[in-house]
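The next block holds one structure in the form of structure tokens; read it before the comments.
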Amino acid sequence: WVFKIKCSPDGEIKKFKGRCVLRGDLQDYEGETFSPVAAWPTVRCVIVMCWRLGWIMICIDFSNAFVQSPLPENEPMWMHVPRGFKSTLGDAYCLKLQKSLYGHRVAPLLWYNFLTDAFKELGLKQSEHDECPWYKDNLILVQYIDDCGIGAPDQKTIDDFVEQLRNKGFTLTQEGSFSKFLGIKFSHLPDGGIELTQKGLITKVLAAAQMEDCNPNALPAPQAALGANKDEEPMTESWNYRAIVGMLLYLSTNTRPDITFVVSQVACFSTDPRKSHASAVKTILRYLKKTMDKGMIIKPTE
């Protein structure tokens, strides 16, 4: 069993999730496992297109997506009986899967193929430049695993398409407007711009580094340039340097280009971080603490 708390981009708790997963690390499989996902420049491009066209956008979420895709008939999959499962069969039995399951090494690819086959049957065409945007007539869709953003001139066009997906047997929910997608919040500004923020991720990074109550800082980097500093003592902080830097890299790529340079600097020393490197990371976090509500602004023009 794997348990997770799902939060909104603002850091608020949306739901508590529990998943029964396979031990993919024990699975002997040498075939293709890669599943495409939409690149963030593509997501931003779709947002700008809908904004310029005056279309509305909503999010849909496929419930327990991987469980909806069938397994290949010639590749049976077995699993241990999960803990807590009450059965009169005893411990000598195992379960044969009829559908894919989280943890299965091929589950993302099976789901992608299953969903794309349905899109093609509904008349959608795939972009030549990215495998995850889809379009037809007056509808455009961007897919990121089990989350989709759909844009159209009116709500009825979207509702009709969602109903077509349900008629094909998909279980899904409409998450409302495209103001929050994949942990990123989209806000329309008075001057026509769109601001992308990730307050929830910043809160998560600060908590992981035990700096929720740190003093804010107005600058993201110290005045002195970072070096390898091999003669310096190793960092003594209890948090994981690589994990923190990884989250900062994701943040800088999506919504905070203002920290891109300094994050790339601290990332250079992930294999052997020293005190000065940990101090530089703390400086970034203090800056994020002060600018938590700020983000990337895109302003489409003619």
Could you list all residues from the range 167-184 that are open to solvent by 60 Å² or more (accessible area, probe 1.4 Å) and within 22 Å of the chain's Cα centre (by Cα)?
THR171, GLN174, GLU175, SER177, LYS180
Which condition number does MET49 fail, the rest of (1) of a type in the set (A, V, I, L, M, F, W, C); (2) out of contact with any helix residue (DSSP H, G or I) (no Cβ under 7 Å at 6 or more places or on another chain); (3) assigned to a loop (DSSP other than H, G, I, E, B) being met?
(3)
Consider PRO133 carefully, then state whether it is of a type outside the set (Lys, Arg) and open to solvent by 40 Å² or more (accessible area, probe 1.4 Å).
no
Within the group TYR93, TYR102, which residue is free of Cβ contacts under 8 Å to residues at least 24 places away in the same chain and either of a type in the set (Ser, Thr, Tyr) or open to solvent by less than 60 Å² (accessible area, probe 1.4 Å) (or both)?
TYR93
Inter-residue pairs, beta-carbon under 7 Å, first over 18 Å from VAL281 (Cα atoms) and in the range 188-213, second surrounded by 17 or more Cβ atoms within 10 Å (Cβ to Cβ) and of a type in the set (Asp, Glu), 6+ apart:
LEU189/GLU195
Filter pass, VAL2 being more than 14 Å from the chain's Cα centre (by Cα) and either open to solvent by 50 Å² or more (accessible area, probe 1.4 Å) or small (Gly, Ala, Ser) (or both):
yes
Could you list, ordered by first residue, the pairs with Cβ atoms under 8 Å in which the first is in the range 128-146 and among the basic types (Lys, Arg) and the second is surrounded by fewer than 17 Cβ atoms within 10 Å (Cβ to Cβ), at least 6 apart or interchain?
LYS136/LEU122; LYS136/GLY123; LYS136/LYS125
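Going by what's in this entry, would PRO216 be described as open to solvent by 70 Å² or more (accessible area, probe 1.4 Å), of a type outside the set (Ser, Thr, Tyr), touching a residue at least 60 places away in the same chain (Cβ under 8 Å) and over 28 Å from ALA39 (Cβ atoms)? Quick ask: steps written out before the conclusion?
Numbers: open to solvent by 70 Å² or more (accessible area, probe 1.4 Å): yes; of a type outside the set (Ser, Thr, Tyr): yes; touching a residue at least 60 places away in the same chain (Cβ under 8 Å): yes; over 28 Å from ALA39 (Cβ atoms): yes.
Taking the combined requirement at face value, the residue satisfies it.
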If we scan the range 63-82, do we find a residue that is β-branched (Val, Ile, Thr), open to solvent by 30 Å² or more (accessible area, probe 1.4 Å), without any contact (Cβ under 8 Å) to a residue 12 or more places away in the chain and in a loop (DSSP other than H, G, I, E, B)?
no
Please specify each residue of the range 5-36 satisfying the condition of being open to solvent by 60 Å² or more (accessible area, probe 1.4 Å) and among the aliphatic types (A, V, I, L, M).
ILE5, ILE13, LEU26
Taking the range 81-99, which residues are of a type outside the set (A, V, I, L, M) and either farther than 15 Å from ARG19 by Cβ or at pLDDT 85 or above (or both)?
LYS86, SER87, THR88, GLY90, ASP91, TYR93, CYS94, LYS96, GLN98, LYS99
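The values are calculated or read from the model by the stated rules, or taken from the named source; none is laboratory data. Everything numeric here is computed off the predicted structure, so don't read it as measured data. So basically every Cβ, Gly included, is an ideal-geometry build from the backbone, and we count neighbours across all protein chains shown. When the accessible area is computed, the model is the full protein with side chains, heavy atoms only, and any ligands, DNA or RNA have been set aside. Shrake-Rupley method; radii C 1.70, N 1.55, O 1.52, S 1.80 Å.
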